[in-house]
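Heads up, the thing below is written out as structure tokens.
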Amino acid sequence: MMTGIGSGLLVLFLCVVKTACALNASHLRGHEDYVQFLLASGVARTPPMGWNSWNHFQCGIDEWTVKSTADALVSTGLAALGYKYVNIDDCWAERNRDQMGNLRAKSSTFPSGIKALANYVHTKGLKLGIYSDAGYSTCSKTMPGSLGHEDQDARTFAAWGVDYLKYDNCYHDGSIPQQRFLRMSYALQRAKRPILFSICEWGEENPAKWAGQLGNSWRTTGDIKDRWDSVTSIADINNIWGRFAGPGRWNDPDMLEVGNGGMTLEEYRSHFSIWAVMKAPLLIGCDIRSASRETLAILRNKEVIDVNQDPLGVQARKLRSKAGLEVWAGPLSRRRVVIVLWNRSGVRAPITVGWREIGLSPSQAVIVRDVWKHSFVSKSVRFHLTALVAPHACKMYVFTPV
């Protein structure tokens, strides 16, 4: 029988989210309609998956890169695994709006315009994402933000066929983020197109406590870097907010760095594993068109993806950490549990997980599946499991009670 991190954690998760919603009801009442509309439309029931231009290309983005990346998502099999969003980040627009106050695609890099690009992406069975900012300009200072133009920009994005909006938090008027992000949430709702709303507030005002009533995901941290210390510190911060996440509302520890070259393959596997169990959006941040076989093997691990996309939608949490040796676990559908034994130290070491700490009876027989080796460790394990884990590596298992 599952207790603790199984059914118990799910009940705790639902109760805390309900309490958080009630605490904010005085000034957010009724604004949750857009999130419910998106859920009814099938948007963000599980964490969004796709690609974003920023981590690899930053401002060096153009329509040919976006189109060829969409092609690569299909040809590599990534699209078939769920990577559907092709997201353009900052620097896509002209510095000034047109005479009517509308945003304009940058003619030198997006000469066909965003609507034509969205049409191309849609013909591939994919979805197009775009970027704006809850301020006067975006973080690059190369294009206007949407502050004061929320309705106009939301209508523009809807008319172009945009499916995802990443909404940043630079160069604003000093007002509280709840107000500025609320205005865009309302505007997207009035635009009457199911556009996933990704709130990029960087975790400064604890968005996990309020952003779930405005949008579908919220950044819990500052920007990720392609470094091991960045991945580990961001995982720790994101872990704090696990109880607020769930279907339609996801903690966002920022985009994936897998394949960008700053870490080892073992570190990238750990990065991908922890993001997957934390139910983070899986947004690829490398150049898919030139990704190595090893990088694609990580990103295409269907068993890890299935954990991230599990319909129960409960974020795994860190249960124990000592000398860099950690146990993360969370409930999955069909009474299963996902376990990650993560070695953040610099030496190979054994890590043990006991049944009691993951909410199982010590005598409960468990089928143990290693999702990186794609094989069963055993079909009848009891009491505990120990694995020898390499430095900066992890072991990831799915437990199924017999």
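Name the pairs: first residue in the range 53-79 and on the phi > 0 side of the Ramachandran plot, second residue modelled with pLDDT of 95 or more and not hydroxyl-bearing (Ser, Thr, Tyr), Cβ to Cβ under 8 Å, at least 6 apart or on different chains?
Sorted first by the residue in the range 53-79, then by its partner, the pairs are 58/89; 58/90; 58/91; 77/300.
Can you name the residue in the range 252-305 that is out of contact with any His (no Cβ under 8 Å at 6 or more places or on another chain), in a loop (DSSP other than H, G, I, E, B) and among the hydrophobic types (A, V, I, L, M, F, W, C) and is also nearest to residue 346 (Cα to Cα) among such residues? Steps first, answer last, please.
To start, the set of residues in the range 252-305 that are out of contact with any His (no Cβ under 8 Å at 6 or more places or on another chain) comprises 252-255, 259, 261-262, 265, 268-269, 271-284, 288-302, 304-305.
Add one more test, that the residue is in a loop (DSSP other than H, G, I, E, B), and what stays is 253-255, 259, 261-262, 278-281, 291-292, 300-301.
Applying the additional criterion that residues be among the hydrophobic types (A, V, I, L, M, F, W, C) yields 255, 278, 280, 291.
Working: 255: 25, 278: 23, 280: 26, 291: 27 Å.
The extreme case among them is 278.
All but one of (1) closer than 30 Å to residue 308 by Cα; (2) surrounded by fewer than 22 Cβ atoms within 10 Å (Cβ to Cβ) hold for residue 147, so report the exception by its number.
For residue 147, the exception is condition (1).
Restricting to the range 65-87, name every residue that is assigned to a loop (DSSP other than H, G, I, E, B) and either touching an Asp or Glu at 6+ places or on another chain (Cβ under 9 Å) or charged (D, E, K, R) (or both).
Within the range 65-87, 84 is the sole residue that qualifies.
When the residues of the range 25-48 are filtered to those that are at pLDDT below 85 and open to solvent by less than 10 Å² (accessible area, probe 1.4 Å), which remaining residue is nearest to residue 209 (Cα to Cα)?
Within the range 25-48, the match that is nearest to residue 209 (Cα to Cα) is 28.
Among the candidates 333, 290, which residue alone is over 26 Å from residue 43 (Cβ atoms), more than 16 Å from the chain's Cα centre (by Cα) and of a type in the set (S, T, N, Q)?
Working: 333 fails: over 26 Å from residue 43 (Cβ atoms).
Only one candidate passes the filter, namely 290.
Would you confirm whether any residue within the range 319-329 is β-branched (Val, Ile, Thr) and touching a residue at least 60 places away in the same chain (Cβ under 8 Å)?
Of the residues in the range 319-329, the ones β-branched (Val, Ile, Thr) are 327.
Adding the requirement that they be touching a residue at least 60 places away in the same chain (Cβ under 8 Å) leaves none.
Among the residues of the range 319-329, not one is β-branched (Val, Ile, Thr) and touching a residue at least 60 places away in the same chain (Cβ under 8 Å), which makes the answer no.
What strands (runs of 3 or more DSSP E) completely inside the range 330-389 contain at least 3 residues that are buried (at least 18 other Cβ atoms within 10 Å of the Cβ) and in contact (Cβ under 8 Å) with a residue 60 or more places away in the chain? Walk me through it before giving the result.
Numbers: elements: 337-343, 349-354, 366-370, 375-381, 384-389.
Passing ranges, in order: 337-343.
Being buried (at least 21 other Cβ atoms within 10 Å of the Cβ) and of a type in the set (Asp, Glu) is the filter here, so list the residues in the range 54-94 that pass it.
89, 90
List pairs: first residue in the range 292-308 and in contact (Cβ under 8 Å) with a residue 40 or more places away in the chain, second residue surrounded by fewer than 15 Cβ atoms within 10 Å (Cβ to Cβ) anywhere in the structure, Cβ distance under 7 angstrom, at least six positions apart or on different chains.
The qualifying pairs are 300/77; 303/374.
If you go through the range 306-321 one residue at a time, how many are part of a helix (DSSP H, G or I) and either at pLDDT below 95 or touching a helix residue (DSSP H, G or I) at 6+ places or on another chain (Cβ under 8 Å) (or both)? Can you show your working first?
Just the residues of the range 306-321 that are part of a helix (DSSP H, G or I), to begin with: 306-308.
Remaining after also requiring either at pLDDT below 95 or touching a helix residue (DSSP H, G or I) at 6+ places or on another chain (Cβ under 8 Å) (or both): 307-308.
So the answer is 2.
Yes or no: residue 250 without any contact (Cβ under 8 Å) to a residue 60 or more places away in the chain and either crowded, with 24+ Cβ neighbours inside 10 Å or aliphatic (A, V, I, L, M) (or both)? Step through it out loud before you land on a result.
Values: without any contact (Cβ under 8 Å) to a residue 60 or more places away in the chain: no; either crowded, with 24+ Cβ neighbours inside 10 Å or aliphatic (A, V, I, L, M) (or both): yes.
So residue 250 fails the test.
Here are the criteria: (1) within 27 Å of residue 178 (Cβ to Cβ); (2) within 22 Å of the chain's Cα centre (by Cα). Tell me which single one residue 59 does not satisfy.
Condition not satisfied by residue 59: (1).
Quick one: which of 398, 402 is in contact (Cβ under 8 Å) with a residue 12 or more places away in the chain and either within 19 Å of residue 305 (Cβ to Cβ) or crowded, with 16+ Cβ neighbours inside 10 Å (or both)?
Numbers: 402 fails: either within 19 Å of residue 305 (Cβ to Cβ) or crowded, with 16+ Cβ neighbours inside 10 Å (or both).
398 is the lone residue from the list that is in contact (Cβ under 8 Å) with a residue 12 or more places away in the chain and either within 19 Å of residue 305 (Cβ to Cβ) or crowded, with 16+ Cβ neighbours inside 10 Å (or both).
The values are calculated or read from the model by the stated rules, or taken from the named source; none is laboratory data. Computed from a prediction, not measured in an experiment: that's the story for all the values here. Neighbour counts are summed over all protein chains in view; Cβ atoms, including those assigned to glycine, are modelled from backbone coordinates with ideal geometry. Accessible surface areas use protein heavy atoms only, side chains included; no ligands, DNA or RNA. Shrake-Rupley method; radii C 1.70, N 1.55, O 1.52, S 1.80 Å.
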